[in-house]
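Q: This is the structure, below, for whatever I ask next.
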Amino acid sequence: MLRLLIIALLLTFSYSGFAAADSLFIISKNDKWMMAHIVKRGETIFSIARQYHVPPAMLADQNGLNYQSGLATGAMMYVPIETFNKATATTPADGWKPVYYKVRETDNLYRISKNINEAQRSIQEWNNMPDNTVEKGQVLIVARILYSVEGIYAATTQPEVQPDKKLQPAKPDSVKGQKYTVQFKEKKETQSDGKVLTVLYRDTVWSDTLGMYGRLYMQQTGNEKTVLEEKGSAVFYETPGKVKSRYGTDAKNTLIYAFHNLAKRGTIIRVYNPGTDKYVFVKVMGPLPETKQYHNSLIGIGEDAKEILGVLEDKAWVELKYFSK
């Protein structure tokens, strides 16, 4: 841990003259380039994964951690830079951050571009370079990474509310996909002296966390006892003229259609985005079209799912679960 703190301090002092304190910089691990993230108070593996659109399992593996591992404030995390969490030309300006690299004596632009898997022309454009010449000590933007402010807020701790009264309804039969949720409500009470007080109490109720299509998914899979799991790229296709569901972007009750080569027509697939920890249920209407758009993709999904899954691009890495005999 001490070694990591020293490296983090060196990074801070080395680059302090070139970028803001919260800028992202390249660091090498096992001959692979990654981002250096300094852990802030309250952050977890899941919140950092959401912040950088990286699967939590991949982030934990790169840092030799498990999901239960606590993160020490000030420690350094290695964050992978892959195709699925790189920004593109269509990424909104507030949806990405630049990643910097300090040029070494033996570097040239060709070697830098190969290490980060970016086109030389892109690096030249980002840095307003007239040619491909680089100098030792020069700081370059070498990548643009997807970055979600939501991941930062997810790490904050809300103060606990102490209710004056606790009301619990009778517990219904246990159903997978339902759970207790807590609602804080106000109630007016009149005291013996005539004064009216506002009392905050906690009302614990049962809620359905899956919705109509989630319940259908559970029926098809026998409460996930018979499922096939897949991981790969999802392509989001345009749905022009489609009327939005009256539920808006409610993941539980929005019907979204999908193309998939293995699942039968009518199958409900649970689509999970590990980078944002969000999911949606989609209904298969047929196999993937044989067009360039779906080349090397696992599933095609209506664009309405992008907002639900927290996706900014037209492609994303997803994990699927669906019924399989």
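Q: Grab the helices (runs of 4 or more DSSP H) fully contained in segment 29-139, keeping just those with 1 or more residues being more than 24 Å from residue 309 (Cβ to Cβ), hydroxyl-bearing (Ser, Thr, Tyr) and out of contact with any Gly (no Cβ under 9 Å at 6 or more places or on another chain).
A: Because the criterion is at least 1 residues that are more than 24 Å from residue 309 (Cβ to Cβ), hydroxyl-bearing (Ser, Thr, Tyr) and out of contact with any Gly (no Cβ under 9 Å at 6 or more places or on another chain), the helices (runs of 4 or more DSSP H) in segment 29-139 that meet it are 109-116, 120-126.
Q: Which residue is modelled with the highest pLDDT, if the candidates are limited to segment 123-167 and must be closer than 22 Å to residue 84 by Cα and small (Gly, Ala, Ser)?
A: 143
Q: Do we have any residue at all in segment 88-101 that's over 23 Å from residue 140 (Cα atoms), of a type in the set (Gly, Ala, Ser), modelled with pLDDT under 85 and assigned by TED's automatic domain parsing to the domain that holds residue 143?
A: Within segment 88-101, not a single residue is over 23 Å from residue 140 (Cα atoms), of a type in the set (Gly, Ala, Ser), modelled with pLDDT under 85 and assigned by TED's automatic domain parsing to the domain that holds residue 143.
The values are calculated or read from the model by the stated rules, or taken from the named source; none is laboratory data. For clarity, every value in this text was computed on a predicted model and none was experimentally measured. Neighbour counts run over all protein chains shown; Cβ positions are idealised from the backbone, glycine included.
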